[in-house]
Protein chains: 2
Amino acid sequence: MFSKTCEYAIRAVIFIAQKTADGSRVGIKEVAAGIDSPEHFIAKILQDLSRKGIIQSQKGPTGGFYLDAQSRKYTLADVVHVVDGDQIFNGCGLGLKQCSETKPCPLHNEFKKIRDAISKMLRSTHLGEFSEQLEQKLVFLKR
Amino acid sequence: MFSKTCEYAIRAVIFIAQKTADGSRVGIKEVAAGIDSPEHFIAKILQDLSRKGIIQSQKGPTGGFYLDAQSRKYTLADVVHVVDGDQIFNGCGLGLKQCSETKPCPLHNEFKKIRDAISKMLRSTHLGEFSEQLEQKLVFLKR
DNA sequence: ATAATAAAAGATAAATTTGTCTTTTATTAG
DNA sequence: CTAATAAAAGACAAATTTATCTTTTATTAT
(Lines give C-alpha, C1' and ligand atoms only; values in the text may rest on other atoms or scores of the structure.)
Protein backbone atom coordinates (compact mmCIF):
# COMPACT_ATOMS: atom_id res chain seq x y z
CA MET A 1 0.00 0.00 0.00
CA PHE A 2 2.77 2.41 1.02
CA SER A 3 6.50 2.14 0.39
CA LYS A 4 8.55 0.91 3.32
CA THR A 5 9.98 4.41 3.50
CA CYS A 6 6.48 5.78 3.92
CA GLU A 7 5.60 3.22 6.57
CA TYR A 8 8.65 4.33 8.55
CA ALA A 9 7.66 7.96 8.02
CA ILE A 10 4.15 7.48 9.39
CA ARG A 11 5.40 5.48 12.35
CA ALA A 12 8.05 8.08 13.10
CA VAL A 13 5.65 10.98 12.92
CA ILE A 14 3.20 9.25 15.23
CA PHE A 15 6.05 8.44 17.60
CA ILE A 16 7.27 12.03 17.61
CA ALA A 17 3.75 13.33 18.14
CA GLN A 18 3.29 11.09 21.13
CA LYS A 19 6.72 11.67 22.65
CA THR A 20 6.74 15.44 22.31
CA ALA A 21 3.18 16.18 23.32
CA ASP A 22 4.64 17.90 26.39
CA GLY A 23 6.74 20.31 24.33
CA SER A 24 9.95 18.31 24.58
CA ARG A 25 12.11 17.04 21.73
CA VAL A 26 13.10 13.56 20.77
CA GLY A 27 16.41 12.49 19.24
CA ILE A 28 16.83 10.44 16.11
CA LYS A 29 18.26 7.48 18.03
CA GLU A 30 15.20 7.30 20.21
CA VAL A 31 12.92 7.58 17.19
CA ALA A 32 14.76 4.82 15.34
CA ALA A 33 14.65 2.55 18.38
CA GLY A 34 11.02 3.43 19.04
CA ILE A 35 9.77 2.47 15.64
CA ASP A 36 12.36 -0.21 14.84
CA SER A 37 13.92 1.41 11.80
CA PRO A 38 17.49 2.01 10.58
CA GLU A 39 18.70 5.19 12.24
CA HIS A 40 20.23 6.95 9.25
CA PHE A 41 17.45 5.88 6.98
CA ILE A 42 14.69 7.36 9.07
CA ALA A 43 16.92 10.39 9.60
CA LYS A 44 16.80 11.19 5.92
CA ILE A 45 13.06 10.79 5.81
CA LEU A 46 12.63 13.13 8.74
CA GLN A 47 14.92 15.63 7.05
CA ASP A 48 12.53 15.69 4.12
CA LEU A 49 9.52 16.12 6.35
CA SER A 50 11.30 18.84 8.29
CA ARG A 51 12.25 20.74 5.14
CA LYS A 52 8.62 20.64 4.07
CA GLY A 53 7.53 21.89 7.47
CA ILE A 54 5.52 18.79 8.35
CA ILE A 55 7.65 18.33 11.44
CA GLN A 56 10.21 20.52 13.21
CA SER A 57 13.84 19.84 14.02
CA GLN A 58 16.52 21.56 16.01
CA LYS A 59 20.26 20.90 15.88
CA GLY A 60 22.71 20.84 18.75
CA PRO A 61 22.39 19.95 22.42
CA THR A 62 18.77 19.81 23.58
CA GLY A 63 17.94 19.48 19.91
CA GLY A 64 15.76 16.88 18.29
CA PHE A 65 12.48 16.47 16.47
CA TYR A 66 9.10 17.77 17.56
CA LEU A 67 5.78 19.10 16.31
CA ASP A 68 4.64 22.65 16.76
CA ALA A 69 1.03 23.76 16.86
CA GLN A 70 0.98 24.23 13.12
CA SER A 71 2.38 20.76 12.46
CA ARG A 72 -0.25 19.15 14.65
CA LYS A 73 -2.78 20.37 12.11
CA TYR A 74 -1.15 18.44 9.28
CA THR A 75 -2.59 15.05 8.46
CA LEU A 76 -1.19 11.67 7.54
CA ALA A 77 -2.17 12.53 3.98
CA ASP A 78 0.45 15.28 4.05
CA VAL A 79 3.08 12.86 5.29
CA VAL A 80 2.22 10.27 2.66
CA HIS A 81 2.19 12.91 -0.04
CA VAL A 82 5.70 14.08 0.81
CA VAL A 83 7.13 10.57 0.91
CA ASP A 84 5.20 8.60 -1.70
CA GLY A 85 3.80 11.36 -3.87
CA ASP A 86 0.24 11.25 -5.10
CA GLN A 87 0.19 7.78 -6.61
CA ILE A 88 -1.97 6.39 -3.80
CA PHE A 89 -4.36 9.35 -4.04
CA ASN A 90 -4.75 9.60 -7.80
CA GLY A 91 -2.88 6.77 -9.50
CA CYS A 92 -4.60 4.06 -11.51
CA GLY A 93 -4.77 0.78 -9.66
CA LEU A 94 -3.48 -0.99 -12.75
CA GLY A 95 -0.59 1.42 -13.22
CA LEU A 96 -1.99 3.03 -16.34
CA LYS A 97 -0.79 6.62 -16.64
CA GLN A 98 -3.50 7.61 -19.07
CA CYS A 99 -6.36 6.05 -17.14
CA SER A 100 -9.06 8.64 -16.44
CA GLU A 101 -12.78 9.19 -16.23
CA THR A 102 -13.00 9.40 -19.99
CA LYS A 103 -10.51 6.60 -20.64
CA PRO A 104 -11.11 4.34 -17.66
CA CYS A 105 -9.38 1.05 -17.11
CA PRO A 106 -11.72 -1.88 -16.50
CA LEU A 107 -11.51 -1.37 -12.76
CA HIS A 108 -11.47 2.39 -12.69
CA ASN A 109 -14.62 2.94 -10.68
CA GLU A 110 -13.88 0.25 -8.12
CA PHE A 111 -10.40 1.61 -7.54
CA LYS A 112 -11.80 5.08 -7.23
CA LYS A 113 -13.87 4.00 -4.26
CA ILE A 114 -10.85 2.44 -2.60
CA ARG A 115 -8.63 5.43 -3.23
CA ASP A 116 -11.27 7.75 -1.89
CA ALA A 117 -11.58 5.69 1.26
CA ILE A 118 -7.81 5.80 1.76
CA SER A 119 -7.68 9.53 1.07
CA LYS A 120 -10.52 10.23 3.43
CA MET A 121 -8.94 8.20 6.18
CA LEU A 122 -5.54 9.87 5.78
CA ARG A 123 -6.94 13.36 5.44
CA SER A 124 -9.06 13.00 8.53
CA THR A 125 -6.19 11.84 10.72
CA HIS A 126 -4.41 14.87 12.14
CA LEU A 127 -0.99 14.52 13.69
CA GLY A 128 -2.24 16.29 16.80
CA GLU A 129 -4.49 13.35 17.58
CA PHE A 130 -1.49 11.22 18.41
CA SER A 131 -0.21 13.79 20.88
CA GLU A 132 -3.34 13.18 22.89
CA GLN A 133 -3.04 9.42 23.10
CA LEU A 134 -1.66 7.31 25.89
CA GLU A 135 2.03 6.45 26.16
CA GLN A 136 1.03 2.83 26.31
CA LYS A 137 0.27 2.64 22.63
CA LEU A 138 3.85 3.43 21.73
CA VAL A 139 4.94 -0.15 21.90
CA PHE A 140 2.77 -0.95 18.94
CA LEU A 141 4.87 1.09 16.60
CA LYS A 142 7.62 -1.49 16.87
CA ARG A 143 7.85 -4.65 14.80
CA MET B 1 -1.11 -0.54 -3.96
CA PHE B 2 0.11 -3.47 -6.05
CA SER B 3 3.62 -4.20 -7.31
CA LYS B 4 4.26 -3.33 -10.92
CA THR B 5 4.49 -7.05 -11.56
CA CYS B 6 1.00 -7.47 -10.16
CA GLU B 7 -0.36 -4.60 -12.22
CA TYR B 8 0.97 -6.31 -15.33
CA ALA B 9 -0.53 -9.58 -14.18
CA ILE B 10 -4.00 -8.15 -13.71
CA ARG B 11 -3.87 -6.32 -17.03
CA ALA B 12 -2.65 -9.45 -18.80
CA VAL B 13 -5.32 -11.67 -17.31
CA ILE B 14 -8.05 -9.21 -18.26
CA PHE B 15 -6.58 -8.99 -21.74
CA ILE B 16 -6.46 -12.75 -22.13
CA ALA B 17 -10.02 -13.08 -20.82
CA GLN B 18 -11.27 -10.60 -23.37
CA LYS B 19 -9.26 -11.92 -26.30
CA THR B 20 -10.03 -15.59 -25.79
CA ALA B 21 -13.70 -15.33 -24.92
CA ASP B 22 -14.36 -17.13 -28.22
CA GLY B 23 -12.23 -20.13 -27.27
CA SER B 24 -9.14 -18.98 -29.12
CA ARG B 25 -5.63 -18.51 -27.74
CA VAL B 26 -3.47 -15.46 -27.58
CA GLY B 27 0.33 -15.36 -27.90
CA ILE B 28 2.71 -13.71 -25.51
CA LYS B 29 3.73 -11.08 -28.05
CA GLU B 30 0.16 -9.99 -28.49
CA VAL B 31 -0.38 -9.90 -24.75
CA ALA B 32 2.75 -7.82 -24.17
CA ALA B 33 1.78 -5.39 -26.91
CA GLY B 34 -1.81 -5.30 -25.73
CA ILE B 35 -0.99 -4.27 -22.19
CA ASP B 36 2.25 -2.39 -22.89
CA SER B 37 4.61 -4.56 -20.89
CA PRO B 38 8.03 -6.13 -21.49
CA GLU B 39 7.45 -9.39 -23.32
CA HIS B 40 9.71 -11.67 -21.33
CA PHE B 41 8.72 -10.09 -18.09
CA ILE B 42 5.03 -10.69 -18.51
CA ALA B 43 5.89 -14.14 -19.86
CA LYS B 44 7.34 -15.16 -16.53
CA ILE B 45 4.36 -13.83 -14.65
CA LEU B 46 2.00 -15.77 -16.88
CA GLN B 47 4.11 -18.88 -16.34
CA ASP B 48 3.49 -18.55 -12.61
CA LEU B 49 -0.22 -18.06 -13.10
CA SER B 50 -0.33 -20.98 -15.49
CA ARG B 51 1.48 -23.29 -13.07
CA LYS B 52 -1.03 -22.35 -10.40
CA GLY B 53 -3.89 -23.05 -12.77
CA ILE B 54 -5.22 -19.49 -12.77
CA ILE B 55 -4.79 -19.37 -16.53
CA GLN B 56 -4.03 -21.98 -19.19
CA SER B 57 -1.21 -22.19 -21.67
CA GLN B 58 -0.32 -24.34 -24.60
CA LYS B 59 3.03 -24.67 -26.36
CA GLY B 60 3.74 -24.99 -30.04
CA PRO B 61 1.95 -23.76 -33.15
CA THR B 62 -1.62 -22.65 -32.43
CA GLY B 63 -0.49 -22.44 -28.82
CA GLY B 64 -0.88 -19.49 -26.50
CA PHE B 65 -2.67 -18.43 -23.36
CA TYR B 66 -6.36 -18.75 -22.61
CA LEU B 67 -8.89 -19.28 -19.85
CA ASP B 68 -10.95 -22.42 -19.48
CA ALA B 69 -14.33 -22.56 -17.77
CA GLN B 70 -12.69 -23.28 -14.45
CA SER B 71 -10.34 -20.31 -14.74
CA ARG B 72 -13.16 -17.96 -15.49
CA LYS B 73 -14.38 -18.67 -11.98
CA TYR B 74 -11.18 -17.41 -10.41
CA THR B 75 -11.13 -13.84 -9.20
CA LEU B 76 -8.66 -10.98 -9.27
CA ALA B 77 -7.99 -11.81 -5.62
CA ASP B 78 -6.53 -15.12 -6.79
CA VAL B 79 -4.29 -13.35 -9.28
CA VAL B 80 -3.10 -10.83 -6.72
CA HIS B 81 -2.50 -13.54 -4.18
CA VAL B 82 -0.26 -15.50 -6.54
CA VAL B 83 1.79 -12.48 -7.52
CA ASP B 84 1.92 -10.26 -4.43
CA GLY B 85 1.08 -12.71 -1.68
CA ASP B 86 -1.29 -11.79 1.10
CA GLN B 87 0.26 -8.53 2.21
CA ILE B 88 -2.54 -6.46 0.70
CA PHE B 89 -5.17 -8.72 2.25
CA ASN B 90 -3.76 -9.12 5.74
CA GLY B 91 -0.67 -6.97 6.16
CA CYS B 92 -0.48 -4.04 8.57
CA GLY B 93 -0.67 -0.70 6.81
CA LEU B 94 2.34 0.50 8.78
CA GLY B 95 4.39 -2.59 7.98
CA LEU B 96 4.30 -3.99 11.51
CA LYS B 97 4.54 -7.77 11.44
CA GLN B 98 3.18 -8.21 14.91
CA CYS B 99 0.24 -5.86 14.47
CA SER B 100 -3.01 -7.64 15.34
CA GLU B 101 -6.38 -7.22 16.96
CA THR B 102 -4.81 -7.58 20.39
CA LYS B 103 -1.70 -5.53 19.58
CA PRO B 104 -3.08 -3.05 17.10
CA CYS B 105 -1.04 -0.26 15.55
CA PRO B 106 -2.58 3.20 15.93
CA LEU B 107 -4.33 2.88 12.60
CA HIS B 108 -5.28 -0.76 12.78
CA ASN B 109 -9.03 -0.38 12.56
CA GLU B 110 -8.96 2.20 9.79
CA PHE B 111 -6.64 0.05 7.71
CA LYS B 112 -8.83 -2.94 8.33
CA LYS B 113 -11.73 -1.18 6.65
CA ILE B 114 -9.60 -0.32 3.65
CA ARG B 115 -8.18 -3.80 3.33
CA ASP B 116 -11.62 -5.30 3.59
CA ALA B 117 -12.87 -3.03 0.84
CA ILE B 118 -9.98 -4.04 -1.40
CA SER B 119 -10.48 -7.73 -0.62
CA LYS B 120 -14.16 -7.53 -1.28
CA MET B 121 -13.64 -5.78 -4.58
CA LEU B 122 -11.02 -8.28 -5.75
CA ARG B 123 -12.91 -11.33 -4.56
CA SER B 124 -16.08 -10.23 -6.28
CA THR B 125 -14.42 -9.67 -9.64
CA HIS B 126 -14.38 -12.95 -11.56
CA LEU B 127 -12.16 -13.38 -14.57
CA GLY B 128 -15.15 -14.54 -16.58
CA GLU B 129 -16.68 -11.09 -16.38
CA PHE B 130 -14.02 -9.74 -18.67
CA SER B 131 -14.76 -12.36 -21.28
CA GLU B 132 -18.20 -10.86 -21.60
CA GLN B 133 -17.12 -7.28 -22.16
CA LEU B 134 -16.75 -5.42 -25.40
CA GLU B 135 -13.58 -5.46 -27.48
CA GLN B 136 -13.57 -1.72 -27.31
CA LYS B 137 -12.38 -1.60 -23.72
CA LEU B 138 -9.14 -3.31 -24.65
CA VAL B 139 -7.40 -0.12 -25.53
CA PHE B 140 -7.60 1.01 -21.93
CA LEU B 141 -5.22 -1.66 -20.77
CA LYS B 142 -2.39 0.16 -22.49
CA ARG B 143 -0.41 3.01 -20.94
C1' DA C 1 10.54 -37.76 -39.10
C1' DT C 2 11.25 -32.84 -39.76
C1' DA C 3 10.77 -28.05 -39.52
C1' DA C 4 8.35 -24.38 -37.61
C1' DT C 5 6.15 -22.40 -33.78
C1' DA C 6 5.39 -20.78 -29.18
C1' DA C 7 5.75 -21.23 -24.27
C1' DA C 8 9.18 -22.48 -20.44
C1' DA C 9 13.29 -21.85 -18.34
C1' DG C 10 17.78 -19.92 -17.36
C1' DA C 11 21.19 -16.34 -17.11
C1' DT C 12 22.30 -11.74 -16.75
C1' DA C 13 21.73 -6.79 -16.28
C1' DA C 14 19.60 -2.35 -15.19
C1' DA C 15 17.01 0.35 -12.12
C1' DT C 16 15.06 1.35 -7.83
C1' DT C 17 14.55 0.91 -3.01
C1' DT C 18 16.43 0.23 1.31
C1' DG C 19 20.28 0.34 4.52
C1' DT C 20 25.06 1.81 6.37
C1' DC C 21 28.93 4.63 7.35
C1' DT C 22 31.45 9.11 7.42
C1' DT C 23 31.84 14.06 7.33
C1' DT C 24 29.82 18.64 7.86
C1' DT C 25 26.99 22.22 9.92
C1' DA C 26 24.34 24.43 13.47
C1' DT C 27 23.38 25.06 18.32
C1' DT C 28 24.03 24.97 23.22
C1' DA C 29 26.34 24.92 27.68
C1' DG C 30 30.26 25.90 30.17
C1' DC D 1 35.53 31.07 22.64
C1' DT D 2 35.56 26.09 23.03
C1' DA D 3 33.94 21.57 23.40
C1' DA D 4 30.13 18.71 23.17
C1' DT D 5 25.94 17.52 21.03
C1' DA D 6 22.64 16.39 17.51
C1' DA D 7 20.69 17.02 13.00
C1' DA D 8 22.05 17.58 7.94
C1' DA D 9 24.35 16.04 4.19
C1' DG D 10 27.13 13.10 1.30
C1' DA D 11 29.05 8.82 -0.31
C1' DC D 12 28.53 4.22 -0.82
C1' DA D 13 26.66 -0.61 -0.54
C1' DA D 14 23.23 -4.28 -0.22
C1' DA D 15 18.92 -6.00 -1.47
C1' DT D 16 14.97 -6.18 -4.23
C1' DT D 17 12.34 -5.29 -8.22
C1' DT D 18 12.00 -4.78 -12.98
C1' DA D 19 13.76 -5.67 -17.60
C1' DT D 20 16.44 -8.08 -21.38
C1' DC D 21 18.50 -11.74 -23.91
C1' DT D 22 19.46 -16.67 -24.92
C1' DT D 23 18.56 -21.56 -24.77
C1' DT D 24 15.46 -25.43 -24.04
C1' DT D 25 11.20 -28.03 -24.29
C1' DA D 26 6.73 -29.23 -26.01
C1' DT D 27 3.44 -29.21 -29.75
C1' DT D 28 1.72 -28.87 -34.39
C1' DA D 29 1.52 -29.25 -39.35
C1' DT D 30 3.75 -30.87 -43.31
Legend entry - Probe 1.4 Å - accessible area at A:Cys92, Å² to nearest ten: 10 Å²
Inset, instruction - Run through the other copies and list how far each one's label point is from that of B:Asn90, in nm with one decimal, shortest first; the point sits 7 Å from Cα along Cα-Cβ. - result: 3.6
Inset, instruction - Might you work out the accessible area of A:Arg25 for me, using a 1.4 Å probe with all protein chains in place, and round it to the nearest 10 Å²? - result: 100 Å²
Inset, instruction - With a 1.4 Å probe and every protein chain left in place, work out the accessible area per residue of the protein assembly as shown in Å², rounded to a whole number. - result: 51 Å²
Inset, instruction - Return P(r) of the stretch B:4-134 (all Cα-Cα pairs; 10 Å bins starting at 0; whole %; ordered from short to long distances). - result: 12, 40, 27, 15, 6, 1
Legend entry - Partner lysines for A:Lys112 [C-alpha distance under 20 Å; skip if fewer than 8 residues away on the same chain]: A:Lys97, A:Lys103, A:Lys120, B:Lys4, B:Lys112, B:Lys113, B:Lys120, B:Lys137, B:Lys142
Inset, instruction - Arrange the residues A:His40, B:His126 by how much accessible surface each exposes, largest first, with a 1.4 angstrom probe. - result: A:His40, B:His126
Inset, instruction - Rank A:Ser3, A:Ala77, A:Cys92 by how far each Cα sits towards the positive end of the charge dipole of the stretch A:1-137 (+1 on Lys, Arg Cβ; -1 on Asp, Glu Cβ) and give me just the farthest. - result: A:Cys92
Inset, instruction - Report, to the nearest 10°, how far helix A:108-123 tilts away from the longest principal axis of the Cα atoms in chain A, using its own Cα long axis and a range of 0 to 90°. - result: 20 degrees
Legend entry - Dipole magnitude of the protein assembly as shown about its Cα centre (Cβ charges: Lys, Arg +1; Asp, Glu -1), debye to nearest 20: 240 debye
Legend entry - Kirkwood hydrodynamic radius over Cα pairs of the protein assembly as shown, then Stokes diffusion coefficient at 4 °C and 1.567 mPa s, in µm²/s: 63 µm²/s
Legend entry - Pairwise burial B:A, computed as accessible area of each alone minus the pair, summed, 1.4 Å, Å²: 2900 Å²
Legend entry - chain A, helix-only ellipticity at 222 nm - DSSP H runs n ≥ 4, -39,500 (n - 2.57), divided by all residues, nearest 500: -14500 deg cm²/dmol
Inset, instruction - Quick one: pull the percent of accessible area on chain A belonging to carbon and sulfur, 1.4 Å probe, ligands and nucleic acids left out. - result: 50 percent
Legend entry - Debye, to nearest 20: dipole size of the stretch B:4-134, +1 on Lys, Arg Cβ, -1 on Asp, Glu Cβ: 260 debye
Legend entry - Percentage relative contact order, the stretch B:4-134, counting C-alpha pairs under 8 Å, at least six apart: 31 percent
Inset, instruction - Kindly express, to the nearest 10 degrees and within the range 0 to 90, the angle between helix A:4-19's C-alpha long axis and the longest C-alpha principal axis of chain A. - result: 40 degrees
Inset, instruction - Please determine, in degrees from 0 to 90 and to the nearest 10, the orientation of helix B:39-51 with respect to the longest principal axis defined by the Cα atoms of chain B, where the helix direction is its Cα long axis. - result: 80 degrees
Legend entry - A:Phe111 - accessible surface, heavy atoms, 1.4 Å probe, Å² rounded to 10: 10 Å²
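The values are calculated or read from the model by the stated rules, or taken from the named source; none is laboratory data. These figures come from a predicted structure and were not determined experimentally. Counting neighbours? That spans all protein chains shown, and the Cβs are built from the backbone with ideal geometry, glycine included. Only protein heavy atoms, including side chains, enter the accessible area calculation; ligands, DNA and RNA are left aside. Shrake-Rupley method; radii C 1.70, N 1.55, O 1.52, S 1.80 Å.
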